[in-house]
1. To check my understanding: the extent here is largest minus smallest coordinate of the Cα atoms along each principal axis. What are those three numbers for region B:5-83, in Å, largest first?
2. Pull out a ≥ b ≥ c, the square roots of the eigenvalues of the alpha-carbon gyration tensor of chain A, then state rounded if a/c is under 1.5, prolate if not and a/b is larger than b/c, and oblate in the remaining case.
3. Among DSSP beta bridges lying fully in the protein assembly as shown, give the percent that are antiparallel, nearest 5.
4. Could you work out how much longer the chain between residue A:98 and residue A:11 gets when fully extended? Use 0.36 nm per residue separation minus the Cα distance between them, nm to one decimal.
5. Build a GNM of chain B with springs between Cα atoms under 10 Å: which of B:238, B:64, B:226 gets the top mean-square fluctuation?
6. Take the alpha carbon atoms of region A:46-114, find their center, do the same for region B:150-191, and report the distance between the two centers in whole angstrom.
7. What 222 nm value per residue comes from the helices of chain B, counting each DSSP H run with n ≥ 4 as -39,500 (n - 2.57) and dividing by all residues, nearest 500 deg cm²/dmol?
8. Sort B:153-160, B:14-21, A:300-307 by packing, meaning the average of other beta carbons within 10 Å per residue, with the highest value first.
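Please treat every number below as a calculation from the coordinates, not as lab data. Values in this document were obtained by computation on a predicted structure and should not be read as measured data. A quick note on method: Cβ atoms are made from the backbone with ideal geometry, for glycine too, and the neighbour counts reach across all protein chains shown.
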């Protein structure tokens, strides 16, 4: 077997994976033993419950809150929402979920935990109805395959990934369509900064957001329809990306599956480290959302690039590799396949460091060789973009060249006005000219690119892999493994104890009676 | 006038291309016009109205069917008078970390407590982390590195009530707030809200120092925003620490003389 361009020792690579598995397994067990309000609300959404009341509170929140309160003396959330809800439907409290939710918030329904034959009937009724939601996700996935066949796929890799972020979905749409015309293969709609900490998914088309647009089912639908139009016009399927992160990650994953989004930002630890969301809450929500993404044929993008925005890109290179290995383990455990793993990394080394470009190539190539089948997500410089747009343009050119040389799968287009303004029309055009020039002029240069086995690039890559193994071993040596490592600031210098952070009150340990038809169906395949 | 304006004490200057006094500048912009001779003429007209005379449209490129991007070079005749420039100059001595530690011990006989975070929906902790995290910024260690400073970094998306509550609980001497997102003037609105909340929660002589920072703040808006100090882009942890020490020294001296 070929040992690739870096001559990585296969035994070392196997050991890295087995350490990641060892660090990740206890987390998976913990995730299996718990549920969260967001997982239960996602289940209701898959059962067909949508919409919101007059104040904008989604019906899934309303219904879940009443069920939780009614069963408070009897364990609350710990049995899951499915049994009490479908029991109430079978008892004739309402003819459908929407009516039940309305009656429940008016205080005219009492929920109970059904037992014996009642429980069996509630299980099978919920399974049937939630199964319809899962089948809808299946049919959206088939539809994507059909459209890619009909319109054609992106003309090359890396796929060119562009961002829109106006805050207003009706401004985003023409911008996204224009970006597609200019050559974007993937459009990402950046979310409003506050959304990750909302414990509900806003409803409807939205026109107000801060530095981004709210992720809502209706916004998803509108943008996907617009890009279907563009795909038809351009003769290639243009992919749509959003964010399954924050407190509502499972629900947003479900909505993405229902509305045929193609990629989702979905990192196993991002919410913990960068949003101070409770670690248990995050890992439980993570696992469910990844199971949905696996089923929906959605490519996930992980967030390792973020570590390098707070820590030094050379010193912390091995934390990126460690996180990629953990993300891979968690992803595969949840049913995702290699082609769905857009593992993240970034071009963030201080350009004043000697040999910085060689170091970038070493890190990028290490990711490529460690995960040969994964469409890696390559993120442009942000930290060392100073406002000197001319230098920034050059840096972006080198970023593009590193991407071409190391076979990155998804290339997020860097803007020379990073850290200055949200991109102008001309910034985007100039940035795309930069990408096109580099990709076309470099051509298949990666075929000629074989770093010397004892040169700086190969040596550095092996060094980072070695440090990764050491870090994984240190994580496993903690009394409570990964949870303790997160608590003591091993990643991104942030300390996040497992009993702290936001959203902990939405977590419950599952009872013996717990039932969730969505998890059951997603795990059957 | 006897002396040529350009050389008057070096106070009066105009842009420099390759010759003193040539006034050459370069700008780029986009017009919502399809590329044509008319569009290029329109670009030259805009440049003339901006004071570029003569102006040379050196590059015009269509960006999609409805827009054209231009690069224009031209000569401006304006002079700037450096004696009339108004900026906030550093008005406190710059101290090294050991000097900061010694000064805090001498002034307070305890550690100086700093509570920091990003308020509102702003999730960008880059700024506050650069100042507070031990890692620091621009080769300087952050405030966590200073032995005599106790740093509580609340991170992102802290609400104003949370910030006030924590500042009280920690008996903060200074509150540092970072704001990166400026859409719809969020940074200004959030800062005013924060300042108002602290004024309400504290008697005026007990209120902690309120310091905001971010890449888009105008450092001269201190009074308007109701804070004690604004730091703009490129501020280093050492500058912030030195400022805090200087302000605390003034407070202590004021109390002693009162």
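1. 51, 20, 16
2. Because a/c hits 1.5 or more and a/b exceeds b/c, chain A counts as prolate.
3. Given both bridge residues lie in the protein assembly as shown, the antiparallel proportion sits at roughly 35 percent.
4. Values: separation 87, 0.36 × 87 = 31.32 nm, distance 5.54 nm.
Taking residue A:98 through residue A:11 to full extension adds about 25.8 nm, to one decimal.
5. Maximum fluctuation in the GNM of chain B, among the listed residues, is at B:64.
6. The distance from the Cα centre of region A:46-114 to that of region B:150-191 comes to 38 Å.
7. -10000 deg cm²/dmol
8. Sorting B:153-160, B:14-21, A:300-307 by mean packing, highest first, produces A:300-307, B:153-160, B:14-21.
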